[in-house]
Every structure is written in C-alpha cells, then in structure tokens.
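One structure below.
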Amino acid sequence: MTELILSLDVLDRQRARAIAESCAPFIDAIKVGYPLVLSTGLSIAGDLAELGLPLIADFKVADIPNTNRLICEAVFAAGFDAVIAHGFVGADAARTCVEVAHSHSGEAYIVAEMSHPGATEFFHGGVAERLAALAVASGADGIIAPATRPDRVRELREIVGKRKIYSPGVGAQGGDPDVVARLVDGIIVGRSIYEAEDPAAEAERLSRIRR
Ligand code: O7E
C-alpha cells in the first residue's frame, strides 16, 4: 500500500498541531521542514510525536560529513524517525547521514531528482541516475523522486529496485496521485491538504486513491 505523507509546511504551532491531529487517521507519516521548524523551533517534533506517527525531517542535509553528522544527531535527538539528505555532496557525506540514522534505528532518504520545473537544469543528463545509484550504494532506505514526472520515477525505479521511493509534487505542483501512487512507496502532499477547507477530508480522499 502506498503511504500518504503529510508535508506540514505551515508556520504556526497551533495550526500545525490541529492539522496534523485531524489528518492523523488518514496519513502514514508527517514530513517537517525548514518553514515549520524555523517558525516554531525543533520542539515542534515533540508536539507532533504525541500523535504516534513517524516524523520525517526534511532538512535536505548537504554539508561535509562532520557537519552532516552533527545535524543528523540533532534531528534524531529531537525525536525524528527519518532524515532527508542531498546526495550531490558525495558518497561520504551522504553515507554519514545514513549511518547516523541507522544508529538511531531511523531511516535516511537521498534526493535523486526534484519536482519543480527548474530541477531539470541540473538533475537531468544522468545526474539523478547517479544520485539514485549513490543512494543504493550508501545503504539509504530510499530516494526522493518527482511526482511531476512519472516517467522519471519509472526510470529511477530501475536503479533503486525495492528501496523506497517517496514522491513530492502531487496536487499543487501538478502531479497526478492516481498515476504516481502506483509507482512509488509514498506520496508526499502539502498544500492540497493543509490549504484545503477541510484538510482531514482531503487527506481521507487521497488515502482512498493510494490504496
Ligand atoms: O507542493 P506541496 O505543497 O504539496 O509540498 C511539497 C513538499 O515537498 C514541500 O515541502 C517541498 O519542499 C517538498 N519537496 C518538493 O516539493 N519537491 C522536491 O523535489 C522535494 C521535496 C522534498 O520534500 O524533498 C524531500 C522529500
């Protein structure tokens, strides 16, 4: 069954909690990134952890191995269950994120290709394929690949095999959940849910599509 991951990119703690709580019965994980953490502080992880859902830290970690290690240690100490890192910094830096994640019984995902139009500028021409291969070689739990380009997801699947593919870009960015949900292990959805008049109803609708 394809997972539904809520991308909680709101800026207010109470709103974040309320949306997460109402959507909780219909989602499999919550992704938290810079917008929410920079607005509320890392303690938001503790608040959300009360819901009992896996928490994914979308910090797209991209630094030297030592700094990556310090960032990832802080992520898992805050209560996150998974971290997302960039692979373009090289195998040693990416592997550090994987090692820290696994030392905390957590998971690490590597961005292979992004979903926005400008992503084709650098990710195409073989780079995404190399990043996907790096994710496999680094022992990452999976990759991030674009819901806006299902053909690319199919191509990257050839490289990562049974490792997970989490895919953002559904809805607000134009990706079709009916198409993408069949290709990936999880769809990541933000605005379509949290900007909906009834976020829980939208999460429920998407949860039915993916099954
Ligand atoms: O477009 P939305 O509102 O559904 O939000 C999508 C979320 O996924 C948002 O947090 C954005 O930063 C993130 N994202 C992409 O949209 N495209 C990518 O290529 C990668 C990510 C991302 O989350 O990367 C790590 C999973």
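The values are calculated or read from the model by the stated rules, or taken from the named source; none is laboratory data. All values derive from a computational prediction rather than experimental measurement. Glycine gets a Cβ as well: all are built from the backbone with ideal geometry, and neighbour counts include every protein chain shown. Surface areas here come from the heavy atoms of the whole protein model, side chains and all, with no ligands, DNA or RNA. Shrake-Rupley method; radii C 1.70, N 1.55, O 1.52, S 1.80 Å.
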Pairs where the first residue, in region 142-163, is open to solvent by less than 30 Å² (accessible area, probe 1.4 Å) and at pLDDT 95 or above and the second is among the polar types (S, T, N, Q) and within 12 Å of the ligand (Cβ to nearest atom), C-beta under 8 Å, 6+ apart: ILE144/SER167; ALA145/SER167; PRO146/SER115; PRO146/SER167; ALA147/SER115; ALA147/SER167; ALA147/GLN173; VAL153/SER167
Considering residues of region 4-38 that are among the polar types (S, T, N, Q) and either more than 19 Å from the chain's Cα centre (by Cα) or modelled with pLDDT under 95 (or both) only, the residue most open to solvent (accessible area, probe 1.4 Å): GLN14
Wholly within region 153-211, helices (runs of 4 or more DSSP H) carrying at least 1 residues that are out of contact with any Lys or Arg (no Cβ under 6 Å at 6 or more places or on another chain) and away from the ligand (no atom under 12 Å from the Cβ): 177-180, 199-209
Among residues of region 53-75, those that are on the phi > 0 side of the Ramachandran plot and without any contact (Cβ under 8 Å) to a residue 40 or more places away in the chain, counted: 0
Selection status of SER115, within 15 Å of the ligand (Cβ to nearest atom), in a loop (DSSP other than H, G, I, E, B) and open to solvent by 10 Å² or more (accessible area, probe 1.4 Å): yes
Set ALA16, ALA24: member being over 22 Å from ALA74 (Cβ atoms) and either part of a helix (DSSP H, G or I) or in contact with a Leu (Cβ under 7 Å, 6 or more places away or on another chain) (or both): ALA24
Residue within region 13-25 that is of a type outside the set (Lys, Arg) and either closer than 15 Å to ALA82 by Cβ or in contact with a Lys or Arg (Cβ under 9 Å, 6 or more places away or on another chain) (or both) present: no
